[in-house]
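Undergrad: Just dropping this structure here.
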Amino acid sequence: MVGGGGQKVSVRVLLDSGSQRSYITKNVAESLALQGPSEALSVSMLGGQSSQTKRMKRVSFSLTSVQGTDSMPVEMEALTIDKICTPLDPVELNLEKYPHLKNLVLVDVYPRGSVDIDVLIGADFYFSFITGNCIRGEIVNSPTAVESTFGWIVSGPIEGHASKTSTSMLSTVRIDPVTTI
């Protein structure tokens, strides 16, 4: 991620097409000295039974892969928020179990521990990062890989993690250290 003054920082990104807007943690925005206008936003939670109106700062920055791919940085805006979500739980993923995925080079390392999310990319910028390439398995309810400018994102059911009371989602982006310019 690159701020307005050219400073760079590595962030963990979650792509969420179910969110109408994109968000960035206040800590990351402040570390890059991102400034912008304030706006009122009505926030409704799942089920819509509770809603709050909050004032949030809208900041601009560019986001690109840390992998050094040929993808161009995407200029985007996001609203600042204290915390995007609770840390994402550890994930164990063995690509060898899924013939359609075993040759993919993912941008995350598995198994991985819990991780905090710094930027949530919502529907407002989601398709700026998705290429449209998709790999599906022939087996019903197997994970699907979708290509993004960050690398391949694997989502869907993971063998051995079935539960009648919860649903798992897996989105991956590798974080490498980036030096400040």
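The values are calculated or read from the model by the stated rules, or taken from the named source; none is laboratory data. All of these numbers come straight from a predicted model, not from anything done at the bench. Cβ placement follows ideal geometry from the backbone for every residue including glycine, while neighbour counts extend to all protein chains displayed.
Undergrad: Quick one: in region 14-54, of everything that is among the basic types (K, R) and modelled with pLDDT of 85 or more, which residue is nearest to the chain's Cα centre (by Cα)?
TA: Restricting attention to region 14-54, the residues satisfying the condition of being among the basic types (K, R) are 21, 26, 54.
If we keep only those that are modelled with pLDDT of 85 or more as well, we get 21, 26.
Details: R21: 13, K26: 16 Å.
Here the residue is R21.
Undergrad: A further question follows. Being exposed (fewer than 14 other Cβ atoms within 10 Å of the Cβ), assigned to a loop (DSSP other than H, G, I, E, B) and of a type in the set (S, T, Y) is the filter here, so list the residues in region 82-132 that pass it.
TA: T86, S114
Undergrad: Okay, next question. Within region 64-90, how many residues turn out to be within 15 Å of the chain's Cα centre (by Cα), charged (D, E, K, R) and modelled with pLDDT of 85 or more?
TA: Summing the residues that are within 15 Å of the chain's Cα centre (by Cα), charged (D, E, K, R) and modelled with pLDDT of 85 or more in region 64-90 gives 2.
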